[in-house]
Amino acid sequence: MSVRLSAAALAHMPPGVAVPSYRRSDLSPGIVHFGVGNFHRAHQAVYLDDLFKSGRDRDWAIVGAGVRDPDVTVREKLKQQDWLTTVVEQEAESSNARVTGAMIDFVRPYDVAANLDMLARPQIRIVSLTVTEGGYYISPATQTFDSGHPDIVADARNIDAPKTAFGLIVAGLKRRHAAGVPPFTVMSCDNIPGNGHVTENAVAGLARLADPELGGWIRANVAFPNSMVDRITPATTDRERAFLRERYGLEDNWPVFCEEFRQWVVEDRFPAGRPALDAVGVTFTSDVAPYELMKIRILNGGHAAIAYPAGLLDIHFVHEAMEDAQIRAFLEALTRREIQAVVPPPPNTNLDSYRALVARRFANPKIGDTIQRLCFDGSNRQPKFILPSVRDRLKAGASFNGLALVSALWCRYCYGETESGKAIAPNDPSWERLQKAAKPARNDPLAFLKLRDIFGELAENPAYVSAFSDALASLWARGVRSTLADYLSDKR
């Protein structure tokens, strides 16, 4: 008989399930986090759980927050188990389960008053976010804040009753400023180049629209540290719930499964203070950029490289794609030939070793990460993970045929049909627009490149247009396998 997760059940957990060694009643809030998804609960919450277990900084517990309908569901599920989460770390030869207790509350979504009351509390010294790459109101091509987005315009007109996470942050800072309470630090934990700068542009940009003086005060007084986060964390399905129940005898409404590896590099800029996370493995540095560039270009770019050929070939799981000799070889060749050369290594890091580590992580058969997840939101991910490497290769006068092929594979995927004729379900917030461009691109590749918010000036670069067009034409005329084989046979 299985045990249902709750605070009362911690005293009699099934064998093999680790539990918090601290009393949760000793915790007090120090962080409000927007976006209590799987990644946050497998990453930031785990580091804090480790810190609390060490006996330190128990005034830095997490209070969850959210502004979307799915956040309502997450809150309901987690409230039923007293905000506890089971995290299962899986490798090919091992599986370890632990219950984390770093989150102690979750403000009700859409309750503006309750959210602002929490953000105004002096003990809240950090507000962190995992709201996905597409949640920052930035133009994919220019990477600048989109001040004309309807959500932003609406919040700017009524900043005391906001509906976005950034609106709540601005309104919370406004309330603290008026009360003479020092501002909290705003920390992004999303996979975005310069995520601290991007977050500052969103928060201060919205504030300026609502109140120019407030926007200036935020620019001058609020810290937005950059960070790099890494842990492969797939979506939770009934498959994971059943495994937890059958292997460990534990019922969890929303367990999180992830790999054993995790990494967090943070710019050490926290005027209001921070937990001593360096004691549990977090790297604090004055410059996150080298770590961030390596991860985004090699790991996230690598995900894109395997996702679209695998999706077009009806491969379901990521580890199955890595079992495919041709896809695995494409990842290795693309990374080694084109990506790695434009990635300066971070301190004490060997890029060949890092590339090999990434490949091993992708091949982990226990994770159950899906190709569909990797394919999701290409309209936001391509401009961040693939196209910057193209631009760097262009500046260096070097080839970029493999990178152009990755984008051509994405275009072919957006057509909405695999090579076997199976329909591809909508898999991007801009799916309808992408399909409208991908359909005519079968005969006119420029129809897709005209998505200027994605491709920017590359749509007018003759060398890039030629490489993309040739790759797409080959995919349609000869298929994924032959097109990949051509790239792999070219040793340049």
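Restricting the count to DSSP beta bridges whose residues both fall in the chain, what percent are antiparallel, rounded to a multiple of 5?
Among the beta bridges of the chain, antiparallel pairing accounts for roughly 35 percent.
Pairs Lys79/Lys422; Lys163/Lys395; Lys366/Lys450; Lys53/Lys163; Lys53/Lys77: which are spaced more than 32 Å apart, C-alpha to C-alpha?
Lys79/Lys422; Lys163/Lys395; Lys366/Lys450; Lys53/Lys163
Evaluate the relative contact order of the chain (contact order divided by residue number), counting alpha-carbon pairs under 8 angstrom at least 6 apart; express in whole percent. Don't skip to the answer; put the middle values down first.
Numbers: 879 pairs, mean separation 69.5, N = 492.
After rounding, I find 14 percent.
Please sort 400-408, 206-214 by packing, taking for each peptide the average over its residues of neighbouring beta carbons within 10 angstrom, highest first. Before the final figure, lay out the partial values.
On the way: 400-408: 26.7, 206-214: 19.3.
The packing order, highest mean first, is 400-408, 206-214.
Per Stokes-Einstein, at 25 °C and 0.890 mPa s, what whole-number D in µm² s⁻¹ belongs to the chain, with the Kirkwood radius over Cα pairs as the hydrodynamic radius?
104
Apply 1/(1 + (r/R0)^6) to the Cβ-Cβ distance of Ala396 and Ala325, taking R0 = 30 Å, and write down the FRET efficiency to the nearest 0.05.
E between Ala396 and Ala325, to the nearest 0.05, is 0.50.
For the stretch 392-431 and the stretch 142-201, write down the distance between their C-alpha centroids in whole Å.
The stretch 392-431 and the stretch 142-201 have Cα centres separated by 32 Å.
Using only the Cα atoms of the stretch 289-489, what are the Rg and Dmax in Å?
15.7, 48
Report, in deg cm²/dmol and to the nearest 500, the calculated mean residue ellipticity at 222 nm for the chain, where each DSSP H run with n ≥ 4 adds -39500 (n - 2.57) and the sum is divided by the residue count.
Calculated from helices alone, the mean residue ellipticity at 222 nm is -13000 deg cm²/dmol.
Using a 10 Å cut-off on Cβ atoms, rank the peptides 311-318, 215-222 from the highest mean neighbour count down.
Output ranking for 311-318, 215-222: 311-318, 215-222.
Using the alpha-carbon centroid of each, what span in Å lies between the stretch 1-64 and the stretch 213-243?
So the two Cα centres are separated by 18 Å.
Are there GluC sites (Glu not before Pro) in the stretch 407-448 that DSSP marks as loop and that have at most 16 other Cβ atoms within 10 Å, and which are they?
Answer in residue order: Glu419.
How long is the gain from Leu488 to Ser139 if the chain were fully straight, where each residue apart is worth 0.36 nm and the alpha carbon distance is subtracted? Please list the in-between numbers first.
Working: separation 349, 0.36 × 349 = 125.64 nm, distance 3.38 nm.
Full extension of this stretch gives 122.3 nm more.
We did not get these values from a lab; they are worked out from the coordinates using the rules stated. Fair warning: this is a prediction, and the values are worked out from it, not measured in the lab. For neighbour counting, all protein chains shown are included, and Cβ atoms are generated from backbone atoms with ideal geometry for every residue, glycine included.
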